[in-house]
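**Student:** This is the structure I have questions about; it appears just below.
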Amino acid sequence: MAQRKPIVGGNWKMNLHRQDAVALADAVAERFAAGEQVDLFICPAFPYLAHVVEAVERRKNVHVQVGAQDAYDQPEGAYTGEVSLAMLKDVGATVLLVGHSERRHVIGENDLLINRKLRAGLEAGLQVVLCVGETLEQREARQTDAINAGQLAYGLAGVAAEQMADVVIAYEPVWAIGTGKTATPEDAQSAHAAIRRQLAHLFGDQVAGQVRIQYGGSVKPDNAAVLFGQADIDGGLIGGASLKVDDFLAIIDAAK
Ligand code: PEP
């Protein structure tokens, strides 16, 4: 069986102003022992990316990667309000989230745009985290695996098998994000296993065995270990709990 290194990410969303973002990044970098056992990234809001990169690098701990919560796929031009991949790289971002449920369901992004962003992110040399997951309505209609399979097929269209080394999947059931409700470990494992089967269908068994699949949705210190202990769960994408240093570090520890 493929050995997959766990990966944990902190998605700070539209939270934390400069001082608090820098202080949290500094505290995480100080206490995260240079990650032999787990990969770690944090995603602050755009205006503070450079400050957070500086804070992490000041600790001489380049093992904490800094990521962007979004990007536009075009290289430059008349796209008011958008941020290019070259700009993100310029300030030190090395990870990119695409398809987060808040971008799909609050902002209204569709699979085609998400696919363009993912491919542009890979071409720019970033590690890209593709978020997928079903709504409550879809779950109740027993469509979880079909929705995930569709979001994977669209999101990863045009991606070569070799490029999958730079792709991480985050399974985040929409109904579990920021709600305090978490999938049971059994349900999460079942969804992750189905995601891996879809990856095998799209890219073959070898690639499917190597791609890391994070779970996201109200992960907390007290549920992280049992979730991360499931065979196809390779760490987590953490929202609310990544804003508190002790909780976030306890979750990182649970992934080791
Ligand atoms: C997220 O934003 O990706 C997330 C999983 O949020 P939370 O942990 O707060 O549910």
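**Student:** With unit charges on the beta carbons (Lys and Arg positive, Asp and Glu negative) and the dipole taken about the Cα centre of segment 162-256, which residue among Gly216, Ile233, Gln206 sits farthest to the positive side?
**Tutor:** Towards the positive end, the residue furthest out is Gly216.
**Student:** To the nearest 20 debye, what is the magnitude of the charge dipole of the chain about its Cα centre, counting +1 on the Cβ of each Lys and Arg and -1 on the Cβ of each Asp and Glu?
**Tutor:** On the way: 23 positive and 32 negative charges, 33 e Å.
Once rounded to the nearest 20, the dipole reads 160 debye.
**Student:** Of Lys5/Lys256; Lys181/Lys220; Lys220/Lys256; Lys117/Lys244, which sit over 20 Å apart, Cα to Cα?
**Tutor:** Going by Cα-Cα distance, Lys117/Lys244 fall outside the 20 Å limit.
**Student:** Sticking with this structure for a sec: Quick check: residue separation of Ala50 and Ala200 times 0.36 nm, minus the Cα distance between them. What number comes out in nm?
**Tutor:** Taking 0.36 nm per residue and subtracting the Cα distance, the gain is 50.3 nm.
**Student:** Which listed residue (Leu85, Val64, Leu97) has the Cα farthest towards the positive end of the charge dipole for segment 58-119, taking +1 on Lys and Arg C-beta and -1 on Asp and Glu C-beta about the Cα centre?
**Tutor:** Checked the options; the winner is Val64.
**Student:** Grab the other residues whose beta carbon is less than 10 angstrom from that of Asp247, score K and R as +1, D and E as -1, and report the net.
**Tutor:** Cβ neighbours under 10 Å give a net charge of 0.
**Student:** May I pose another question? I want to make sure I understand the PRE zone here: with the label point 7 angstrom from the Cα of Ala33 toward its beta carbon, which residues in segment 53-89 have backbone N atoms less than 19 Å away?
**Tutor:** Answer for segment 53-89: 59-65.
**Student:** If each DSSP helix of 4+ residues adds -39,500 (n - 2.57) and the sum is divided by the residues in the chain, what number results at 222 nm, nearest 500 deg cm²/dmol?
**Tutor:** -12000 deg cm²/dmol
**Student:** Also, I was wondering about something else. Report the label-to-label distance for Thr80 and Thr94 in nanometres (one decimal), using points 7 Å from each Cα along the Cα→Cβ vector.
**Tutor:** 3.7 nm
**Student:** Under 20 Å Cα to Cα from Lys89, which aspartates and glutamates show up? Leave out anything in the same chain fewer than 8 places away.
**Tutor:** Cα-Cα hits under 20 Å: Asp39, Glu54, Glu57, Asp70, Asp73, Glu76, Glu123, Asp166.
**Student:** Classify the chain from the C-alpha gyration tensor, please: rounded if a/c falls under 1.5, else prolate or oblate depending on whether a/b exceeds b/c.
**Tutor:** rounded
**Student:** Which of the GluC sites (Glu not before Pro) found in segment 1-76 are in a DSSP loop and have at most 16 neighbouring Cβ atoms, other than their own, within 10 Å?
**Tutor:** Listed in order of number, the matching sites are Glu36, Glu76.
Rule-based calculations on the coordinates, nothing more; no lab input. Keep in mind the model is a prediction, meaning the values are calculated, not measured. Cβ: placed from backbone, ideal geometry, glycine included. Neighbour counts: every protein chain shown.
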